[in-house]
Amino acid sequence: MTRLYLGVNGNGSWTEFRVADEQGKEVLCLQGGPTSFKAVGNAKAFGNLRDLTRRMEMAGVRPRLISRSVWGMSGCDTPEDQMVYEALVQQAGFPPEKTLVVNDAVLPFWAAADVPGVVVVAGTGSVVMGIDSRGAVSRIGGWNYAFSDMGSGYWMGCRLLREQTLWLDGCREDCKTFRKVEQKLMPQGGTREEMLYRLSTLTRSDEIASYASIVLETADSPLCRRLRQEAAEKLTGYAGQMLEQLRAKGETDLKIVLAGSLMVSDCFRAQAVEAMEKLAPVIVSAVPATMGALRIAKERDR
């Protein structure tokens, strides 16, 4: 009987199920709603998880047919988080002895490279994971958008909005980037006071991080170039510290895998690669994270 494997990547925006056989041939790929209980709550996370499971079953793949499943879940940071996710997965019909729940940040590494090494994930937040030759995982960052996730979209957005506020207060020279922030902030226009008030109401992490798109897309702006460089340096600092930890354990032949939505930007990716290549060979992940989950599943099924 053909052995089937399930790789899952679940976060606060969407979730992907990918099923493949033992030869690596894709059997099924489904996308659904968010399954991060920290982002949407247990009830909604389970509802979306169950919906994807039903769709998988309708396609002829039942949970009992899966030889091994690996679930890369956003915010799986503590043993307590793992217990919550394991309970949700079990309630959806997947036997616990055939499932493994991990933090979703490790998936891009397994999708792109062989252990040991470091994966740098930079999106709304940022986190760096170190994986040794036995598969044990260490972590830096990703603990809190406000004070931990250096070099992330949130970090970029905060710094751009701070510069915008200082400019509106007369403490910065004019820059065309500020016009773009104004347009995004208040598309219909507004006075200086209205702009400042609107800035003062920005509190949601995803909303603040959305301003990073201006930093990423404005290639010729000195301000944006500086913010991109600073972000790349922060992430490189994280990666360098993790490499030191792995080398202290005797690990060699290390590499760095880059992943996350910020790496889609040609400008930022180039700056990040240039900075990190001084530390170790760099691989930019170009395949879905669920491919990494499938690889872990096959490794664990040996």
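The values are calculated or read from the model by the stated rules, or taken from the named source; none is laboratory data. None of the values given here were measured: they were computed from a predicted structure. Cβ: placed from backbone, ideal geometry, glycine included. Neighbour counts: every protein chain shown. For accessibility, only protein heavy atoms count, side chains too; no ligands or nucleic acids. Shrake-Rupley method; radii C 1.70, N 1.55, O 1.52, S 1.80 Å.
In the chain, helices alone account for a calculated mean residue ellipticity at 222 nm of -14000 deg cm²/dmol, with every DSSP H run of four or more residues adding -39,500 (n - 2.57).
Select one label from (1) 223; (2) 167; (3) 143: the one whose number is volume of the Cα convex hull per residue in Å³ as derived from the coordinates shown. Identified label for the calculated read-out: (3). Here is the P(r) of segment 19-76: all C-alpha pair distances, binned every 5 Å from 0, give 4, 16, 24, 25, 17, 10, 3, 0 in whole percents. Taking 25 °C and 0.890 mPa s as conditions, segment 145-223 diffuses translationally at an estimated 192 µm²/s according to Stokes-Einstein applied to its Kirkwood radius (Cα pairs). For T124, what charge total do you get from the other residues with a beta carbon under 9 Å from its beta carbon, if Lys and Arg give +1 and Asp and Glu give -1? Once all neighbours under 9 Å are counted, the net charge is -2.
Per-residue 3J(HN,Hα) values for segment 81-93, derived from phi via the Karplus relation 6.51 cos²θ - 1.76 cosθ + 1.60 with θ = phi - 60°, read 4, 4, 5, 5, 5, 4, 5, 4, 5, 5, 5, 7, x Hz in sequence order (x marks Gly and Pro). The charge dipole of the chain, taken about its Cα centre with unit charges on the Cβ atoms of Lys, Arg (+1), Asp and Glu (-1) only, comes to about 520 debye. For the chain, the carbon plus sulfur part of the accessible surface works out to 50%, probe radius 1.4 Å. Remark: spin-label model distance S138-S261 equals 3.0 nm, labels positioned 7 Å along the Cα→Cβ axis. Solvent-accessible surface of the chain, averaged per residue with a 1.4 angstrom probe and all protein chains in place: 47 square angstrom. Label positions at A59 and T191, each projected 7 Å from the Cα along the C-beta direction, are separated by 5.6 nm.
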